[in-house]
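Asker: My questions will all concern the structure given below.
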Amino acid sequence: MPATPKIYDSKLAMIGAQEANWPSSDVSIWWRKSHEAMAAIRAGVRLIDIKISEQEGNNDLSVAGRLKAIGQIGLAAIEAGIGGAEVAAADREIDRRVAHVSTAITMPELPNDIADVMLAQEIRAFIRSKRGPGDPVMYLHNTKVMGDPRVVAAVSGAPAFLSGLTDEEKTQFITRAQLALFPSSATEQQALLKAKLLLHDAVGQADRMIGERAQLQSRLGADGAVIWDLPNLAKIAAKRAVA
């Protein structure tokens, strides 16, 4: 029975490769849990690869029986969640830390004084006037105004279009402003959120590796998520016959 390529260490290392940029495990519990979750994801893929290899050599089953058994192993692993418990534990610690760090990030509010309200209007009008083919948020960053509470309040406290920005550009502005006003807290918050995203991307990588190894079929669901199904044995048999 032709086998799909085994998942070697070099391929396993591709899962969450950016973990190398994380702080070490002994820095804090949230980073320790994140490293443990990434290790669990890779270990989970390795275990499934071993189980599939065992079935590939199971001569007590027919070819179709082996394909079905391998598909069931892969599908069960994906549905159970690769490194599920460890990823959930890391999520909890990251969420707790992000919530704590966020309390130190308090964005300036729009003023009530008439003179300051007029100044905010002038700031937004000035930003609108600088709208051109370039990146308006980068322009503001380069002019060193991201750390000015008056500018930050004028932009963040009003609808994006009043500053000539899109909603996405306003979000980018707020992110950069947080880094300028609260460099330590905002940097940590962003690093944690990126780590959480990387963990969930790693689960997706693991699913794809297992799906390919187990010859599962995949399709997109209504919400855009990948749905995995057992292999089409007739289709695989037909390919083998042609080969």
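Asker: In the range 16-34, is there at least one residue being closer than 17 Å to Asp207 by Cβ and at pLDDT 90 or above?
Answerer: Within the range 16-34, one or more residues are closer than 17 Å to Asp207 by Cβ and at pLDDT 90 or above.
Asker: Restricting the search to the range 165-203, which residues are out of contact with any Pro (no Cβ under 7 Å at 6 or more places or on another chain) and part of a loop (DSSP other than H, G, I, E, B)?
Answerer: Thr166, Phe182
Asker: Can you tell me which of (1) in a helix (DSSP H, G or I); (2) in contact with a helix residue (DSSP H, G or I) (Cβ under 6 Å, 6 or more places away or on another chain); (3) β-branched (Val, Ile, Thr) is the one Ile105 doesn't meet?
Answerer: Of everything listed in (1) in a helix (DSSP H, G or I); (2) in contact with a helix residue (DSSP H, G or I) (Cβ under 6 Å, 6 or more places away or on another chain); (3) β-branched (Val, Ile, Thr), Ile105 misses just condition (1).
Asker: Also, I was wondering about something else. For Ala153, indicate whether it is modelled with pLDDT of 90 or more, part of a helix (DSSP H, G or I), hydrophobic (A, V, I, L, M, F, W, C) and within 30 Å of Ile41 (Cβ to Cβ). Break it down stepwise before answering.
Answerer: Details: modelled with pLDDT of 90 or more: yes; part of a helix (DSSP H, G or I): yes; hydrophobic (A, V, I, L, M, F, W, C): yes; within 30 Å of Ile41 (Cβ to Cβ): no.
The answer is no for Ala153.
Asker: While we're on this one: Among (1) free of Cβ contacts under 8 Å to residues at least 40 places away in the same chain; (2) more than 25 Å from Asp207 (Cβ to Cβ), where does Leu110 come up short?
Answerer: For Leu110, the failing item is (1).
Asker: Now for a separate question. Under the condition of being within 20 Å of the chain's Cα centre (by Cα) and exposed (fewer than 13 other Cβ atoms within 10 Å of the Cβ), which residue from the range 205-221 is modelled with the lowest pLDDT? Before you say what the answer is, go through the steps one by one.
Answerer: Going residue by residue through the range 205-221, those that are within 20 Å of the chain's Cα centre (by Cα) are 205-211, 220-221.
This time we only want the ones that are exposed (fewer than 13 other Cβ atoms within 10 Å of the Cβ), so: 220-221.
Numbers: Leu220: 84, Gly221: 81.
Out of the qualifying residues, it is Gly221.
Asker: Go over the candidates Val63, Val145, Val87, Val137 one by one and state the one that is among the hydrophobic types (A, V, I, L, M, F, W, C) and closer than 30 Å to Ile29 by Cα. Spell out the reasoning first.
Answerer: Details: Val63 fails: closer than 30 Å to Ile29 by Cα; Val145 fails: closer than 30 Å to Ile29 by Cα; Val137 fails: closer than 30 Å to Ile29 by Cα.
From the options Val63, Val145, Val87, Val137, the qualifying one is Val87.
Asker: Sticking with this structure for a sec: Identify the single condition in (1) touching a helix residue (DSSP H, G or I) at 6+ places or on another chain (Cβ under 7 Å); (2) modelled with pLDDT under 90 that Gly57 does not satisfy, given that it satisfies every other one.
Answerer: Here Gly57 meets the rest and fails (1).
Asker: From the set of residues in the range 89-119 that are of a type in the set (Gly, Ala, Ser) and surrounded by fewer than 13 Cβ atoms within 10 Å (Cβ to Cβ), which is farthest from Ser218 (Cα to Cα)? Spell out how you get there, then give the answer.
Answerer: Step one: of the range 89-119, the residues of a type in the set (Gly, Ala, Ser) are 89-90, 99, 102, 104, 115.
If we keep only those that are surrounded by fewer than 13 Cβ atoms within 10 Å (Cβ to Cβ) too, we end up with 99, 104, 115.
Working: Ala99: 36, Ala104: 44, Ala115: 60 Å.
By that ranking, first place goes to Ala115.
Asker: Sort out which residues of the range 149-163 are surrounded by fewer than 18 Cβ atoms within 10 Å (Cβ to Cβ) and either in the same structural domain as Ala17 (by TED's automatic domain parsing) or not aliphatic (A, V, I, L, M) (or both), and write them in order of number.
Answerer: Result: Pro149, Arg150, Gly157, Pro159, Phe161.
Asker: Any residue in the range 211-233 that is farther than 16 Å from Val45 by Cβ sitting within a Cβ distance under 8 Å of a residue that is modelled with pLDDT under 80 and surrounded by 13 or more Cβ atoms within 10 Å (Cβ to Cβ)? List the pairs, counting only those 6 or more apart or interchain.
Answerer: These pairs meet every condition: Gln217/Pro231; Gln217/Asn232.
Asker: Same structure, new question: Yes or no: the range 131-150 includes at least one residue that is at pLDDT 90 or above, under 29 Å from the mean Cα position of the chain (by Cα) and either more than 30 Å from Gly16 (Cα to Cα) or not in a helix (DSSP H, G or I) (or both).
Answerer: no
Asker: Also, quick follow-up: Regarding Ala125, is this residue among the hydrophobic types (A, V, I, L, M, F, W, C), touching a residue at least 24 places away in the same chain (Cβ under 8 Å) and in a helix (DSSP H, G or I)?
Answerer: No, not satisfied.
The values are calculated or read from the model by the stated rules, or taken from the named source; none is laboratory data. Note that this is a predicted model, so its numbers are computed, not measured. Glycine gets a Cβ as well: all are built from the backbone with ideal geometry, and neighbour counts include every protein chain shown.
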